[in-house]
Structures are given as structure tokens and as C-alpha cells.
Amino acid sequence: GLLELLNLPYVGCNVFASAAGMDKVYAKVLFADAGIPQCKHIVAYRKTILQDAGAYDAQVEEKLSYPCFVKPSNSGSSVGVRKAKTPQELHEALVDAARYDRKILIEEFVDGREIECAVLGLDDAQAAVPGEIVPSKEFYDYEDKYQSGSSYSVIPAEIPQEALTQIQEYALKAFSAIDGTGLSRVDFFYKKDGTILLNEINTLPGFTDISMYAKLWKACGLSYSDLLDRLIELAFRRKEEHERCCHE
């Protein structure tokens, strides 16, 4: 927002897209409107949780069952995310997630593979070949993402070609749904029966040497250096297009 006020180009999504992508609850509203299949979920609130940690038990039993995942709505890198296998673990996870946000997402557990797709561009955005993350634990947590590097990736993901194509299409639809610009990484679940579910969009994905975004584009022939050049070019192009619009 500050860079917008200063009229300076910057890499990545604009203010709205960044805010929408960060807020998992409202991102789901936009994705549902775009017709993208997602995990079943319940929205919980800090005030209710602190009054009664078991306030959502009945909804979870009826709509999701166990195990389920608990996530702060506005957080990233799996911070505050827990897998709950029992009502007691759900209560503990909700109280912990409430430390990070007033809005908490409770999602169904999906027995599926984690597939990620990188998106690059503006209105002409393109999707890279999707890759699979194979976590070393029950789910791909903060340590796996940034510290241990014990998870590994398979690029392209070893799933049918039609599924790879469908994931690319959904990734571009998700990017468009939040009015994305520059870059995003869109994460999916691929189930044994071929069902594809959108997990979330990351408008400023990890960029370490073990992060997927650059790896996915490298598999498409775009080197790390060329990817950085492309992102900077897109930042200037978006600024120029915005200025033309404002002056017309």
C-alpha cells in the first residue's frame, strides 16, 4: 500500500489480491464464486473459542469428522496449523490458532497428494508444470518448508496428464479470482479417485533454495536469474499499465 502511494513499482500482487490471498476465509469465498472445488470447512471465531473451546464440536462432527485441520485465517508458512484427531486435540488447536488470529479455519482432512502450481504474469498469466510435495511428516509444516529440507519434490507430479492440465486451469482461475498480478503459487490436493481440490493460494511464495516456486519454473526452462528478471519486468509493466489507465 505504501509503494502504491509512493507510485513505485513493486514485485508481486496488488493490495487487494495480497489481502485476499492472506485471508484464507475470504479467499475461499472468491474461489467458490469462481467455481473451483475446495475442501469442506467451518469458520470459527476467537471470541467464541475463548468462551467455550468445544463450541464447534457438533459442527465438526456433522460436517467434517476427524481428523481435521485447524488454521489461523491470516497466517502463512503453516504457522499455527495443527491436525486434530480428537475433540480434545481440536480444542487445543483452536486455542492455539486463536493466538494468531480472530478468525480460524477448520478444514476437513483430505487423504490426497499435495500438488503445487506456479503462476507468473499479469492478464496474460501462465501456469508452470505442477509438482508434488512429499512431506516427511503428517503434513508440510514450517520446519519442512524452511529448516530441515527433509521433504522432497517430484516435478512434474506423477499424475495423469489431464489432471496436470486441470490443475493448471484451476490455478489460473484462482489467480484471476483474487485479481492476482506478478506471481503466486497455488496449492492443491489430488485424491486417489482423481478428485482435485484447491487448498490455498500463496501470493508471495517462498523463495529459498528448497522452495517450489522457482523449481517449478526451472522445470519449464526458466532459470532462477531469468525468473527474477521476469518478475521485475512485470512490476514495471503493471505500473505503466496502471498509469495509462489513470491518465486516459
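How large is the dipole of the chain about the Cα centre if only Lys and Arg carry +1 and Asp and Glu carry -1, each at its Cβ, rounded to the nearest 20 debye?
Working: 27 positive and 38 negative charges, 80 e Å.
With Lys and Arg at +1 and Asp and Glu at -1, about 380 debye.
Annotation for TYR66 and LYS191: the two label points, set 7 Å from Cα along the Cα-Cβ direction, are 2.2 nm apart.
From the cross-link list LYS47/LYS71; LYS63/LYS85; LYS192/LYS215; LYS103/LYS173; LYS103/LYS239; LYS28/LYS191, which pairs have alpha carbons spaced over 22 Å apart?
Numbers: LYS47/LYS71 16 Å; LYS63/LYS85 15 Å; LYS192/LYS215 25 Å; LYS103/LYS173 25 Å; LYS103/LYS239 33 Å; LYS28/LYS191 20 Å.
Distance filter (> 22 Å) returns LYS192/LYS215; LYS103/LYS173; LYS103/LYS239.
For TYR45, the amide hydrogen comes within under 5 Å of the amide hydrogens of ILE104, counting only partners 5 or more places away or on other chains and with H modelled in the peptide plane.
Calculated mean residue ellipticity, 222 nm, the chain: -11000 deg cm²/dmol, from DSSP H runs (n ≥ 4) at -39500 (n - 2.57) each, averaged per residue and rounded to 500. A probe of 1.4 angstrom, applied to the heavy atoms of all protein chains, finds LEU222 with accessible area near 40 square angstrom. Of the whole protein surface, PHE16 contributes about 120 Å² of accessible area at a 1.4 Å probe radius.
Comparing ALA93, ALA58, ALA27 in a Gaussian network model of the chain, where Cα atoms under 10 Å apart are tied by springs, the biggest mean-square fluctuation is seen for ALA58. Semi-axis lengths, largest first, of the ellipsoid equivalent to the chain are 31, 22, 16 Å, with √(5λ) applied to each eigenvalue of the Cα gyration tensor.
The residues of the chain have, on average, 50 Å² of accessible surface per residue, using a 1.4 Å probe with all protein chains present.
Against the chain, whose longest principal axis comes from its Cα atoms, helix 161-177 is set at around 80 degrees. Can you tell me the orientation of helix 224-247 relative to the chain, as the angle in degrees between its alpha-carbon axis and the longest Cα principal axis, to the nearest 10? Tilt relative to the chain: about 80 degrees. Each label was represented as a point 7 Å from its Cα along the Cα-to-Cβ direction; for TYR10 and PHE236 these points are 1.9 nm apart.
The values are calculated or read from the model by the stated rules, or taken from the named source; none is laboratory data. Small disclaimer: the values here were computed from a predicted structure and weren't measured. Positions of Cβ are generated from backbone atoms using ideal geometry, with glycine treated the same way; all protein chains shown enter the neighbour counts. Each accessible area value is taken on the protein alone, full model and side chains, heavy atoms only, with ligands, DNA and RNA left out. Shrake-Rupley method; radii C 1.70, N 1.55, O 1.52, S 1.80 Å.
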